[in-house]
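Heads up: the structure comes next, in structure tokens.
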Amino acid sequence: MEQFIIQGGYPLSGEVKASGNKNAALKMIPACLLTDEPVILHNVPNIGDVRITIEIMRHLGASVKWLDHNTLRIHASKIETTSIPPAFAQKIRASVVFAGPLLARAGKLHLPIPGGDSIGERRLDTHALALQKLGVTIELDGNALVMSANKLKGANILLSEASVTATENALMASVLAQGTTIIRNAACEPHIQDLCVMLNTLGAQIEGIGTNQLTIQGVSKLHSGEVRIGADYMEVGSFIGAAIMTGGELLIKDADPQHMEMIAFSFARLGVTWETRSQDIFVPANQSLTVMPDLGNRMPIIKAQPWPAFPPDLMSIALVDRKSVV
């Protein structure tokens, strides 16, 4: 039986490099299917979900090679199949984001209902409605989705919810669609921004990056390119929490602090601060952890909401950091 044995009471200190954002990597890897030229991705987290995604890419016909521990070279010169085996789809829910690039590049997809964790409802209706707007026909064949499109055409899409993966699917499908696509009520998390930057680097024309409305002018072809996956802000927030709770001093390298503003604002109300040093974050030792009240000595409220508000996955870190009220 595997287990962690933790001896507490020791301040964490030193220097650590932030990993690449998993949620960006799991979408940027399939996005490489949108071009028949090679793409190099830097700062790729070498984790289980990424390795499963690579297996799917190889099954579809792409050549994928690790150049070093965190750098991938992907070349989808041709697509040999548009059917994802159930064994792969059941391992990872992010397999649904293969829909956008495969429909754009090959015009069809056979996708078993994705697996992955069962947290929350996570319905696929928002994906389906967005893709149908672009001209995709979707049928349910047993336990699989069968999608096809003769030619994707730009559309004005209002997402029924600010779904991250539905935004990404619609975005990847629309970059090669004919005409202009507008995605309203789009999610705008850092991993979506990373995907947009990547696609623009490959020749896409996307405006509104970082906002809840994306405008995409379809192009006929994407080309090769080289991009970096941004830092995992959830991991950065967790490192900050670990340093704070142990009274330690920590330097987090390549932390992309431009995505930590709302997190910093919320943590400051709990008596937690840090210094931004270019792309690094320095967490000083022995902070007060004193909750700062709102006007009228009211208890402050930290509410988890869609980006750019405070992210839900860091709520547990915020709760642990709480100590007392002035």
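Look at residue 5 and say whether it is out of contact with any helix residue (DSSP H, G or I) (no Cβ under 6 Å at 6 or more places or on another chain) and not assigned by TED's automatic domain parsing to the domain that holds residue 199.
yes
Examine segment 180-192 for a residue that is surrounded by 21 or more Cβ atoms within 10 Å (Cβ to Cβ), touching a strand residue (DSSP E or B) at 6+ places or on another chain (Cβ under 8 Å) and part of a strand (DSSP E or B), and state whether such a residue exists.
Scanning segment 180-192, I find at least one residue that is surrounded by 21 or more Cβ atoms within 10 Å (Cβ to Cβ), touching a strand residue (DSSP E or B) at 6+ places or on another chain (Cβ under 8 Å) and part of a strand (DSSP E or B), so the answer is yes.
What's the total number of residues in segment 58-88 that are in contact with a Phe, Trp or Tyr (Cβ under 9 Å, 6 or more places away or on another chain) and of a type outside the set (Val, Ile, Thr)?
4
When you check residue 222 against the structure, is it in contact with a helix residue (DSSP H, G or I) (Cβ under 6 Å, 6 or more places away or on another chain) and not basic (Lys, Arg), yes or no?
yes
Considering each of 95, 118 in turn, give the residue that is at pLDDT below 90 and within 17 Å of the chain's Cα centre (by Cα).
Going through 95, 118 in turn, the sole match is 95.
Are any residues in segment 21-49 among the small types (Gly, Ala, Ser) and touching a residue at least 40 places away in the same chain (Cβ under 8 Å), and if so, which ones?
Matches in segment 21-49: 24, 25, 31.
Given the criterion closer than 25 Å to residue 161 by Cα, part of a helix (DSSP H, G or I) and not acidic (Asp, Glu), identify the matching residue among 126, 53.
Being closer than 25 Å to residue 161 by Cα, part of a helix (DSSP H, G or I) and not acidic (Asp, Glu) holds for just one of 126, 53, which is 126.
Residue 137 is checked against (1) among the β-branched types (Val, Ile, Thr); (2) free of Cβ contacts under 8 Å to residues at least 24 places away in the same chain; (3) more than 26 Å from residue 76 (Cβ to Cβ) and fails just one. What number does that condition carry?
(3)
For segment 193-229, which residues satisfy the criterion of being crowded, with 22+ Cβ neighbours inside 10 Å and within 15 Å of residue 23 (Cα to Cα)?
Once the filter is applied, which keeps residues that are crowded, with 22+ Cβ neighbours inside 10 Å and within 15 Å of residue 23 (Cα to Cα), segment 193-229 yields 194, 195, 196, 198, 229.
Among the residues of segment 246-275, which ones are free of Cβ contacts under 8 Å to residues at least 60 places away in the same chain and at positive phi?
Residue satisfying the conditions is 271 alone.
Can you confirm whether segment 280-302 contains a residue that is closer than 25 Å to residue 44 by Cβ and free of Cβ contacts under 8 Å to residues at least 24 places away in the same chain?
No, every residue in segment 280-302 fails to be closer than 25 Å to residue 44 by Cβ and free of Cβ contacts under 8 Å to residues at least 24 places away in the same chain.
Of all residues in segment 198-243, which are touching a His at 6+ places or on another chain (Cβ under 8 Å) and not hydrophobic (A, V, I, L, M, F, W, C)?
203, 226, 228, 230, 233
Any idea how many residues of segment 6-20 are surrounded by 13 or more Cβ atoms within 10 Å (Cβ to Cβ), among the hydrophobic types (A, V, I, L, M, F, W, C) and either within 18 Å of residue 245 (Cβ to Cβ) or without any contact (Cβ under 8 Å) to a residue 60 or more places away in the chain (or both)?
2
Table: residues versus (1) farther than 13 Å from residue 240 by Cα; (2) buried (at least 16 other Cβ atoms within 10 Å of the Cβ); (3) of a type outside the set (A, V, I, L, M); (4) touching a Leu at 6+ places or on another chain (Cβ under 7 Å).
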| position | (1), (2), (3), (4) |
| --- | --- |
| 273 | no, no, yes, no |
| 277 | yes, no, yes, no |
| 280 | no, yes, yes, yes |
| 287 | no, yes, yes, no |
| 299 | yes, no, no, no |
| 305 | yes, no, yes, no |
| 311 | yes, yes, yes, no |
| 318 | no, yes, no, yes |
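Tell me which of these residue 132 doesn't satisfy, since it passes every other one: (1) touching a residue at least 12 places away in the same chain (Cβ under 8 Å); (2) outside any loop (DSSP other than H, G, I, E, B).
Unmet condition: (1).
Quick test of your reading of the structure: residue 78 fulfils all but one of (1) assigned to a loop (DSSP other than H, G, I, E, B); (2) without any contact (Cβ under 8 Å) to a residue 12 or more places away in the chain. Name the failing condition by number.
(2)
Please work out which residue is farthest from residue 114 (Cα to Cα), limiting yourself to segment 56-67 and to residues that are assigned to a helix (DSSP H, G or I) and of a type outside the set (Val, Ile, Thr).
58
The values are calculated or read from the model by the stated rules, or taken from the named source; none is laboratory data. Keep in mind that what you see is a predicted model, and the values were worked out from it rather than measured. Quick reminder, even Gly has a Cβ in these numbers, built from the backbone with ideal geometry, and neighbours come from all protein chains shown.
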